[in-house]
Amino acid sequence: MNIEIKAAFPIEWDREYYTVESKEKKVFAPCVACDNTGRVRIKGEEYICPRCKGNWREKEVVGSKTVYSVGKWSLKSVQVEPGLYNKPRITLTFKKTNAGSEWSAGSTFTVRSEFFDTMEVEEYGKTRKLYDDYKTALAEVKRMNAAEKEK
């Protein structure tokens, strides 16, 4: 059986695809004793900061920031169902192949045929775009992390 999929880019088995993933991280107050060095100087001798234990920050959470990374995905399955006007409804399911983001390795997400032209899907209140080029996804991650740093 041959299925013609018209998408923003070719969809193939055994190929890696990419998304921009996000994760919320806590922001801790800087250590006031060591000026964020993790070390203090007492009578000419250098010691690990007794206040932050060399960790450079207090235990007090002062906010959060979003950190972006590249998620890697591979095509897991293709489902074809009857649709309107003899046009089949196609659902692509992708499987996460790397960990380190809000979506753990092994997670899946789906793209239905009505979104193939942009490969953007609204999931859990967030828009996720699938890329076929790692450099493009990485450039978007860098742009988003820079924008987050400016806040």
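The values are calculated or read from the model by the stated rules, or taken from the named source; none is laboratory data. Predicted model only: the values in this text are computed from it and were never measured. For neighbour counting, all protein chains shown are included, and Cβ atoms are generated from backbone atoms with ideal geometry for every residue, glycine included. Just the protein is used for accessible areas: all its heavy atoms, side chains included, with ligands, DNA and RNA removed. Shrake-Rupley method; radii C 1.70, N 1.55, O 1.52, S 1.80 Å.
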Given (1) at pLDDT 90 or above; (2) open to solvent by less than 70 Å² (accessible area, probe 1.4 Å), where does Phe109 come up short, assuming only one miss? (1)
If Val40 satisfies every condition in (1) open to solvent by less than 90 Å² (accessible area, probe 1.4 Å); (2) closer than 27 Å to Lys129 by Cα; (3) free of Cβ contacts under 8 Å to residues at least 12 places away in the same chain but one, which is the exception? (2)
Can you name the condition, by its number, that Glu45 falls short on among (1) in contact (Cβ under 8 Å) with a residue 12 or more places away in the chain; (2) out of contact with any strand residue (DSSP E or B) (no Cβ under 6 Å at 6 or more places or on another chain); (3) open to solvent by 80 Å² or more (accessible area, probe 1.4 Å)? (1)
Only one of Lys72, Lys96 is touching a Gly at 6+ places or on another chain (Cβ under 7 Å), surrounded by 12 or more Cβ atoms within 10 Å (Cβ to Cβ) and of a type in the set (Lys, Arg). Can you tell me which? Lys96
Elements of type strands (runs of 3 or more DSSP E) contained in the range 17-106, each with 2 or more residues being at pLDDT 90 or above and among the small types (Gly, Ala, Ser): 57-81
